[in-house]
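The values are calculated or read from the model by the stated rules, or taken from the named source; none is laboratory data. Keep in mind the model is a prediction, meaning the values are calculated, not measured. So basically every Cβ, Gly included, is an ideal-geometry build from the backbone, and we count neighbours across all protein chains shown. Side chains included, ligands, DNA and RNA excluded: accessible areas come from the protein's heavy atoms. Shrake-Rupley method; radii C 1.70, N 1.55, O 1.52, S 1.80 Å.
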Amino acid sequence: MSTTPKHPKALPFLFFSEMWERFGYYLMIGIFLLYLKNVEHGFAMTNTEASDLYGTFIALVFLTPFLGGLLADRYLGSIIIGGLMMGVGYCMMAIHSLPMLYLSMTLVILGNGFFKPNISTLLGNVYSTPEYVDRKDEGYNIFYMGINIGAFICNFFSAAIIIIWGWKYAFVAAGIGMFLGVIILITGTKH
């Protein structure tokens, strides 16, 4: 039985930080393969080349949270640095250059490694006090709704932005989403 009917004050900040992070990530990942294969504005890669690069990118994005979590716990505490790296990486994808593409992918991969495991840990930490421990499951459910909302709404934005302004502005929109998430996280650090 919970001793308080409320959730910690940090929950909305973590919710919206994660929502905007997922908005940026899923916006970028949703158009990335299409952009690589696009002949007119992208890199005109074959399906095999684009799929190999895309698959390698996704694999590294899912591998780095293990390493980033270990480093952040022991040395860096760099969730904000990770978010900024991802935001810069998304924006750099707007620069049509193969070296810049690889550099931007590297920033997103490393930034994700620092950001992703640590924001969930922060959520667990705010629910670790006896006052809130019984509401932890509810808190995670609310938090994961932020992930789902961000992943859902980005699809509408990416399609509209590509049609109206072009590919590079869609990548910049992903970066702006990530920067919003970082700003919200910084705003809520006192909680």
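Show me, for region 19-29, the HN-Hα J-couplings you get by feeding each phi into the Karplus relation (A = 6.51, B = -1.76, C = 1.60, θ = phi - 60°), rounded to Hz, glycine and proline as x.
3J(HN,Hα) across region 19-29, in whole Hz: 4, 6, 5, 5, 4, x, 5, 6, 5, 5, 5.
To one decimal place, what Kirkwood hydrodynamic radius in Å is obtained for region 51-153 from all pairs of distinct Cα atoms?
Every distinct Cα pair counted, the radius reaches 15.0 Å.
What dipole magnitude, in Debye to the nearest 20, does region 74-187 give about its Cα centre under +1 on Lys/Arg Cβ and -1 on Asp/Glu Cβ?
320
In whole Hz and in residue order, list the ³J(HN,Hα) couplings for region 79-92 that follow from phi through the Karplus curve 6.51 cos²θ - 1.76 cosθ + 1.60, θ = phi - 60°; x for Gly and Pro.
Per residue, the Karplus-derived 3J(HN,Hα) values read 4, 5, 4, x, x, 5, 4, 5, x, 5, x, 4, 5, 5 Hz.
Counting only residues 5 or more places away or on other chains, whose amide H sits under 5 Å from the amide H of residue 45 once H atoms are built in the peptide plane?
Here 37, 38 satisfy the definition.
What's the carbon and sulfur percent of region 1-153's accessible surface, probe 1.4 angstrom, rounded to a whole number?
In region 1-153, the share of accessible area belonging to carbon and sulfur is 68 percent.
Quick one: 3J(HN,Hα) in Hz for region 46-62, Karplus 6.51/-1.76/1.60 with θ = phi - 60°, rounded, Gly and Pro as x.
Going residue by residue, I get 5, 4, 5, 4, 5, 5, 4, 5, 4, x, 5, 4, 4, 4, 5, 4, 7 Hz, with x marking Gly and Pro.
Using R₀ = 30 Å, calculate the FRET efficiency as 1/(1 + (r/R₀)^6) where r is the Cβ-Cβ separation of residue 160 and residue 189; round to 0.05. The partial results should precede the final answer.
Values: r = 33 Å, r/R0 = 1.10.
That gives a FRET efficiency of 0.35.
Might you report the magnitude of the Cβ-based charge dipole of the chain about its Cα centre, with Lys and Arg at +1 and Asp and Glu at -1, to the nearest 20 debye? Numbers along the way, then the final one.
On the way: 10 positive and 10 negative charges, 64 e Å.
Dipole of the chain, to the nearest 20 debye: 300 debye.
Sequence gap at least 6, Cα distance under 8 Å: using those rules, report the relative contact order of the chain to the nearest whole percent.
42
Taking the Cα centre of region 79-173 as the origin and placing charges on Cβ (Lys, Arg +1; Asp, Glu -1), which of 148, 130, 87 is farthest toward the positive end of the dipole?
Checking the options against the dipole of region 79-173, the answer is 87.
Normalised by the empirical 2.2 N^0.38 Å for globular proteins, what value does the Cα Rg of the chain take? The partial results should precede the final answer.
Numbers: Rg = 17.6 Å, N = 191, 2.2 N^0.38 = 16.2 Å.
That works out to 1.09 for the chain.
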